[in-house]
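**Student:** Below you will find the structure I want to go over with you.
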Amino acid sequence: MFQLIETIKVSNGLLQNLPYHNSRLNRARSELFNAADELDIEKLVHVPASMNKGIYRCTLTYSKEIGEINFQLYSIRKIKTLKIVTDNSIEYSYKYADRTSLNKLLELKDDCDEIVIVKNNYITDTSFTNLIFFDGVKWCTPDSPLLRGTKREKLLEQGMITETKICLDDLTKYSRVGLINAMLEPGEITVDIENLKL
């Protein structure tokens, strides 16, 4: 049976963004494994006392039931250049532990630090984050992500980002692109649009 993962930020001993993680985890359990019950991550994950300072990544593996729970000290990757790659058949609507399809695309990044995946001419995600684009006034996120990330959902609900169609030809409308995920806040990784390489 295939496995899924949730990656949860632990900040000074506290699990972050739990309503969104719980929602995604239980929706996937229901849709993929016919699980009728709902799990509460806060009751299942106990953060070690040694992690009460700093930022850690909690990785929770699950199918119908919770499997392994691991913690790791977190550090932000340095990303300054992005390579645009196309795959019109890729599917990653659930956060699978098996990342084979994403890793194959990563092999196409050449000398860039990370990839931006285009599907059917529309911008989706990087290999590990959702994307936000700055148009000079507001931050926009593609309405065609491969995975609807928890941070993306939270920022949309808060009105901090706007969902819009972004195709390859639209990139000239934007000056910067930001990477966001459960571990990354807006602004922690941003790249000038000129550093997106075709």
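**Student:** Could you check the spin-label model distance between residue 137 and residue 49? Points 7 Å from the Cα along Cα→Cβ, value in nm.
**Tutor:** About 5.4 nm separates the two model spin labels.
**Student:** Only helical DSSP H runs with n ≥ 4 go in: add -39500 (n - 2.57) per run for the chain, normalise by residue count and round the 222 nm mean residue ellipticity to 500 deg cm²/dmol. Mind showing how you got there, number by number?
**Tutor:** Details: 4 runs with 35 residues, N = 198.
Mean residue ellipticity at 222 nm (helix-derived): -5000 deg cm²/dmol.
**Student:** If I compute semi-axes √(5λ) of the Cα gyration tensor in Å from the structure I just sent, which labelled value in (1) 100, 13, 8; (2) 28, 19, 16; (3) 36, 28, 24 lines up?
**Tutor:** (2)
**Student:** Which translational diffusion coefficient, to the nearest whole µm²/s, is obtained for the range 4-73 from the Stokes-Einstein equation, given a Kirkwood hydrodynamic radius over C-alpha pairs, 4 °C and 1.567 mPa s?
**Tutor:** It diffuses with D of about 105 µm²/s by this estimate.
**Student:** Compute, for the chain, the length of the dipole vector about the Cα centre, with Cβ point charges of +1 (Lys, Arg) and -1 (Asp, Glu) only. Units Debye, rounded to 20.
**Tutor:** Rounded to the nearest 20 debye, it is 300 debye.
**Student:** To the nearest Å, what is the center-to-center distance of the range 114-138 and the range 14-28, using C-alpha atoms only?
**Tutor:** The two parts, judged by their Cα centres, are 23 Å apart.
**Student:** Taking every DSSP beta bridge with both residues inside the chain, roughly what % is antiparallel (nearest 5)? Walk me through the numbers before you get to the answer.
**Tutor:** On the way: 30 of 40 bridges.
Around 75 percent antiparallel, to the nearest 5.
**Student:** Give me the aspartates and glutamates in straight-line cross-link reach of residue 43: C-alpha distance below 16 Å, same-chain residues under 8 apart excluded.
**Tutor:** Once the sequence-local aspartates and glutamates are set aside, what remains near residue 43 is 6, 65, 68.
**Student:** Given contacts defined as C-alpha pairs under 8 Å and at least six residues apart, what's the relative contact order of the range 50-198, whole-number percent?
**Tutor:** 22
**Student:** Here's a follow-up. Are any of the pairs 78/165; 78/151; 53/95 more than 23 Å apart by Cα-Cα distance, and if so, which?
**Tutor:** Cα-Cα > 23 Å for 78/165; 53/95; rest within.
**Student:** Straight-line reach from residue 109: which aspartates and glutamates have Cα under 18 Å away, leaving out those fewer than 8 places along the same chain?
**Tutor:** 87, 125, 192, 194
**Student:** While we're on this one: For the chain, modelled as a Gaussian network with Cα springs under 10 Å, which listed residue fluctuates most, 11, 50, 144?
**Tutor:** 50
Read-outs: derived from the displayed coordinates by stated rules, not from any lab. Given the structure is predicted, the values throughout are model-derived calculations rather than measurements. Reconstructed Cβ throughout: ideal geometry from the backbone, glycine too, with neighbour counts over all protein chains shown.
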